[in-house]
Amino acid sequence: MFGLAQNFKYALRRLKNNPGFTIVAVLTLALGIGANSAMFSVINAVLLRPLPYRDPQRLALLFEHWPQFPQLSLSYLNYRDWRDQSHSFEAVAAVRNNVVTMTGIPEAERLPAQNVTANLFEMLGVKPELGRAFSEAEDKPGGPPVALISHRLCQQRFSCSPAVLGQPIILNNENYSIIGVMPAGFEVLQQAPDVIVPFEPWARTLPDDRSWHPGILPIARLKPGVSLEQARSEIAVIAKRLEKQYPDTNTNVSSLVDLMQDEIVQNVRPALLVLTGAVGVVLLIACANVANLMLVRAAGRRREMAVCAALGARRSDIIRQLLAESILVAISGGVLGLALAWVAMHLVVRLAGESLPRSNGVSMDIEVLVFTLLVAVLAGILFGLAPARHAWRVDLREVLNETNRGGSGGEVLRTRAVLVVSEIALAMLLLVGAGLLFKSFELLSRVSPGFSADHILIANIARSPTYRDPNVRLSFFDRLLEQVSVLPGVRAAGAISVLPVTGTGSALHFNIQGRPPNSPQQFTISSYRVVSVGYLKTMGVPLIAGRWIEDRDREQAPAVVVINSTFARTHFPNQSPLGQHIQLGQMPDPSVPWMQIVGIVADVKQSLASESAAEMYVPYRQADSVLPVFTLSLVVRTAGNPLQQANSIRAIVRGIDANQPITGIQTMEENVSQSIAEPRFRTVLLAIFAGIALALAAVGIFGVMSYSVAQRTRELGLRIALGSSRSRVLQLVLTHGLRLTVVGIVIGLTATFFLARYVSSMLFNVPPYDPMTLVGVVAVLVVISLCACYIPARRATLVDPIVALREE
């Protein structure tokens, strides 16, 4: 231990005496280690850290699987049968995400909420920080109206003291009593509810229909000793049994059972793993660069090491001293890297936005500190191996007998060339990945959403379910649209049940008049949108045939519907759909009106990365008689900045109903931008990492070529003395640098063909071996290499042959 302390003390003195080398090496490593620490903080919080529940590895999520929907929430009746008939689980609970309006406060507020079964909290092993959870009696129809609130809401509205227990809270115009406060940060299924109410009182109001899916998500705990595969097999058997028992609703309805943690992170896991590999490559390139610097430094200290050996130092002592220096440099880089990681970590979370689950757990904790220390030590050993190997192979007696400075320069140059080739190959990998993702994102961002997104303000308005009178409910939307439309600077206004480019919305069964389905296999589904009279015109959706929805399309008028072009092509391929009639429901029902198709409009994207689905637009005045309309999103096209109308619209809403909140006010352009947040996140990060790798590789090439010119000064001077032109010397040096680049590119291309498939799932309309991307990356590497080689090459042409010949 005393010897190690002496090694590090001497290493510190040597590094202080060489500030230029130390600063460059530490900064280079800080980039690589900092990027890895930042990504590890994200990976640790999102992928590695267990869910904050009791025995989270035994928690599973249950879904229905339909041919049209690979992953679907359960109907209430299927949930009850799966729960009651399964024996693989200790308990099965249900969660349903919701939104409620809280009134009785100066300004009504819309809050995220959840309906949960009483056994959920015990199953998760979570207790309220104040009060208690629901009892079985409270989670039954007719039970007392009670609620749990979040720590945030308790602090904001009730000063978060025990006195909050028992206080009343008005939700959706109904009185509830607060019985508990959840811990800070509590969330279930990526939702952080401000209000939690019992599940069964709401569920028992649902229609007795197994095809009705109101968003019920069951969470189950596996029994000890029961595997996930056993649970999957049992639920599959139950689903088959229900299919035979209820063929009208459950035909082709199978099951899907996944671990809860895997399900939560499944969409983001591929991108995070690719980015983790990318920062690993950046660190390897940084280590290669520092190894280059250490090699040059070790070559210059050959006589020093030889003298030490002559005075009794063992070869292992010399190698240990070199490793001590490299580890000290790496730890210094790690300390600076932590500061960079702290900044980068927050930028990554902000860039990812809502596309990154569990992002509230991303922090610079003890696990990240330990990881950074381990990475720094391993990096120090890794880049310290090159000078240590050089010291091991050097004949120290030969060094003492050297009479020139050539020494082992050739060996050092070969080793450094190998390192630079490796850097170029690794940079090639990152550049190709970044190029593919950039081209993919560019194509995705250029996809037309099917409407004109500029100068549009959007806002969400949800009426409380207690507004059961349709005249009161719909008159509110009528008055709102009427008053917003005449605001100065407003060109048009409309409303829709689900905004486009959100990836969400209702999908309902329907049938075509004259074509009744002969079996459940012939049931058809379409996206279903409820709209106001002016919505399609306000959005600038092109009318292909027929007419728009008009003001005459009200309750007593014949029912009408407008369809999109995909609906027309899919269901009326060889005829005009205008004048045809469709009806909501799986089978014809005399109680449900037939809607006449009066118009065809262009497709509107619900996801920029997906093909447009069949879609129908129904006037909200007519739709309410079949499915009551409680929530609409306002869209307002303005002449100027849309956000300037926000306060005026808030005032109109308060003037019509002081207890009606308005949420989600933003521009439509922001809405479209948010829909591609996840591909933007991975593209930007990989591009940053690739840029760092390219810069480090360019520095490596520059360093090798500079060292090569310094080692060949006498040779180049002799060439010029014997008549070689300076342009020929320039070409000679550039050719040597390009030779290293070409070798690295060939190795990188070979590796690319093996690794490109890992990013193929993240690409949009771009093949993983896109020739234009490959050619572009090769061109960039060649140009950067030429630029890095030019300065040393130019210096070589300025060699004075007389001075060069006299140097030795």
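For Lys537, the lysines whose Cα comes closer than 19 Å to its Cα, not counting residues fewer than 8 places off in the same chain, are Lys605.
For the chain, which whole-number percentage of the solvent-accessible area (1.4 Å probe, protein heavy atoms only) is attributable to carbon and sulfur atoms?
Values: 21120 of 36030 Å².
On the chain, the fraction of accessible area on carbon and sulfur atoms equals 59 percent.
R0 = 51 Å: FRET efficiency of Val472 with Ile366, Cβ-based, nearest 0.05?
Working: r = 57 Å, r/R0 = 1.12.
Efficiency for this residue pair is about 0.35.
Charge dipole of the range 542-587 (Cα centre as origin; +1 on each Lys and Arg Cβ, -1 on each Asp and Glu Cβ, all else neutral): 160 debye, rounded to the nearest 20.
Against the set [x] 65, 27, 22; [y] 42, 31, 28; [z] 64, 33, 25, the structure's computed semi-axes √(5λ) of the Cα gyration tensor in Å falls on [z]. When only the Cβ of Lys, Arg, Asp and Glu is charged (+1, +1, -1, -1), the dipole of the chain relative to its Cα centre reaches about 3320 debye.
Excluding same-chain neighbours fewer than eight residues apart, the lysines reachable from Lys223 by a Cα-Cα span under 24 Å are Lys127, Lys240.
Rank-order 509-517, 214-222, 429-437 by packing density, defined as the average count of other C-beta atoms within 10 Å over each peptide's residues, highest first. The partial results should precede the final answer.
Numbers: 509-517: 15.3, 214-222: 20.9, 429-437: 26.2.
Peptide ranking by packing, descending: 429-437, 214-222, 509-517.
A crude spin-label estimate for the pair Arg554 and Ser760, with each label 7 Å from Cα along the Cβ direction, gives 5.8 nm. Residue ranking by accessible heavy-atom surface, 1.4 Å probe, largest first, among Asp365, Asp55 comes out as Asp55, Asp365. Computing FRET efficiency as 1/(1 + (r/R0)^6) for Asp258 and Ser648, where r is the C-beta to C-beta distance and R0 is 45 Å, gives about 0.45.
Would you calculate, for the chain, the mean residue ellipticity at 222 nm contributed by helices, counting each DSSP H stretch of 4 or more residues as -39,500 (n - 2.57) and dividing by all residues, to the nearest 500?
On the way: 26 runs with 403 residues, N = 808.
That comes out to -16500 deg cm²/dmol.
Ligands, DNA and RNA excluded, the heavy atoms of Glu136 present near 110 Å² of accessible surface to a 1.4 Å solvent probe. Using a probe of 1.4 angstrom and keeping all protein chains present, the accessible surface of the chain works out to 45 square angstrom per residue. Accessible surface of Lys605, taken over heavy atoms with a 1.4 Å probe and every protein chain present, rounds to 30 Å². Figure note: His87, His346 ranked by solvent-accessible area, largest first, 1.4 Å probe, ligands and nucleic acids not counted: His87, His346. Among residues other than Ile264 with Cβ under 12 Å from its Cβ, the summed charge is -1 (Lys and Arg +1, Asp and Glu -1). Taking label positions 7 Å along the Cα-Cβ direction at both Leu189 and Leu627, the computed distance is 1.8 nm, reported to one decimal.
Full extension of the chain between Arg739 and Leu543 yields a length gain of 64.6 nm, computed as 0.36 nm times the residue separation minus the alpha carbon distance.
Our note on the geometry: Cα centres of the range 62-93 and the range 422-467, 33 Å apart. Helix 677-711 and the longest principal axis of the C-alpha atoms of the chain enclose an angle of approximately 10°. Positive-end ranking of Gln245, His346, Ile649 along the dipole of the chain, with charges on Cβ about the Cα centre, is headed by His346. Here each label is just a point 7 Å from Cα along the line to Cβ, and for Ile656 and Trp212 those points are 2.7 nm apart.
Computed about its Cα centre, the charge dipole of the range 218-300 is approximately 200 debye, with only Lys, Arg, Asp and Glu carrying charge at their Cβ. Computed 3J(HN,Hα) for the range 338-351, one whole-Hz value per residue from the Karplus formula 6.51 cos²θ - 1.76 cosθ + 1.60 where θ = phi - 60°, is 4, 5, 5, 5, 4, 5, 5, 4, 5, 5, 4, 5, 5, 5, glycine and proline marked x.
Helix 19-43 and the longest principal axis of the C-alpha atoms of the chain enclose an angle of approximately 20°. With respect to the chain, whose longest principal axis is taken over its alpha-carbon atoms, helix 366-393 is tilted by about 30°.
The values are calculated or read from the model by the stated rules, or taken from the named source; none is laboratory data. Only a predicted model underlies this, so the values are computations on that prediction, with no experimental measurement involved. Note: ideal-geometry Cβ built from the backbone for every residue, glycine included; neighbour counts use all protein chains shown. The accessibility values were calculated without ligands, DNA or RNA, using every heavy atom of the protein model including side chains. Shrake-Rupley method; radii C 1.70, N 1.55, O 1.52, S 1.80 Å.
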